[in-house]
Amino acid sequence: MTSVYLRQLIGALVAIFPLFSVASVDDNNQQVIERIEVIGEKPQYVLKLEMESAKKDFYDLYNKFASDDSFKTKCDKKPRHGSKIKSFKCETRFTKESFHSLTKQHIQLNIQDLKNPAYSLKYLSMPDASDVRSVTNTKRKAQKADILTQINENPELRAAFERFAKKYDAYENR
C-alpha cells in the first residue's frame, strides 16, 4: 500500500515538474530508472550555526597546539551586555585578563579621584572594547603569527581551519 502511494506521489511530482526528472534505461534489466533532483539552499541561520560550530572546533583544536597559554581561546554563546539574547563570541585569555585589569585600574583611579567612594560610582568610566584592543594589540599580532605557524606545522589544524574557512565563506557570500 505504501509503495503504491509512493509511486503515485513520485509520478505526480514528475508530471508536475518534468524539468527536474531524468529518466534513463538500465541496460541489465531494461527498467526505467527515474532520478528526481531537488534544488534548494540552506537558510542563512543554518549556515551561521555551521560556521560558528566550525570556528569553535578550530579553536578547540588550536588550544591543544598553542605555544602560549594566554593565546588559548574559548568560544561560546554569551548574553549581550544588558540583555538575555545570546551571541556567539570567541575570547582569548589575554583579552579577558586585560579587560579585568583595566576595569580594576579604572575603579581604583575613580576612587582615588573622588573623596567619597560611593559617590565615585556615579562618575565611573569603564573600559570598552577599543581600550582592550589598544592594550592587547601586540599580543593579538603575536597570537595571529602563532596561529599561522601552528596551521603550517599541523595538518589536522590546517584541515579544521579549511573547514572553518569554507563555512565562513558560505555564510558571508549567501
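The values are calculated or read from the model by the stated rules, or taken from the named source; none is laboratory data. Remember, it's a predicted structure, so these values are computed and weren't measured experimentally. Reconstructed Cβ throughout: ideal geometry from the backbone, glycine too, with neighbour counts over all protein chains shown. Just the protein is used for accessible areas: all its heavy atoms, side chains included, with ligands, DNA and RNA removed. Shrake-Rupley method; radii C 1.70, N 1.55, O 1.52, S 1.80 Å.
Some observations on this one:
- Condition check for S53: more than 30 Å from K166 (Cα to Cα), in a helix (DSSP H, G or I) and at pLDDT 85 or above: no
- On inspection, P43 qualifies as surrounded by fewer than 14 Cβ atoms within 10 Å (Cβ to Cβ), more than 26 Å from N137 (Cβ to Cβ), at pLDDT 90 or above and not aromatic (F, W, Y).
- The listed residue being of a type in the set (S, T, Y) and at pLDDT 85 or above, out of S21, S67: S67
- Residue match in segment 135-155 (condition: in contact with a Lys or Arg (Cβ under 7 Å, 6 or more places away or on another chain), at pLDDT 90 or above and surrounded by 12 or more Cβ atoms within 10 Å (Cβ to Cβ)): yes
- Scanning segment 156-174 for residues that are aromatic (F, W, Y) and either touching a His at 6+ places or on another chain (Cβ under 7 Å) or open to solvent by less than 40 Å² (accessible area, probe 1.4 Å) (or both) returns a single hit, F164.
- Top-ranked residue of segment 117-134 - restricted to ones that are surrounded by 12 or more Cβ atoms within 10 Å (Cβ to Cβ) and of a type outside the set (A, V, I, L, M, F, W, C), ranked as modelled with the highest pLDDT: R133
- Some residue of segment 155-166 being of a type in the set (F, W, Y) and within 19 Å of the chain's Cα centre (by Cα): yes
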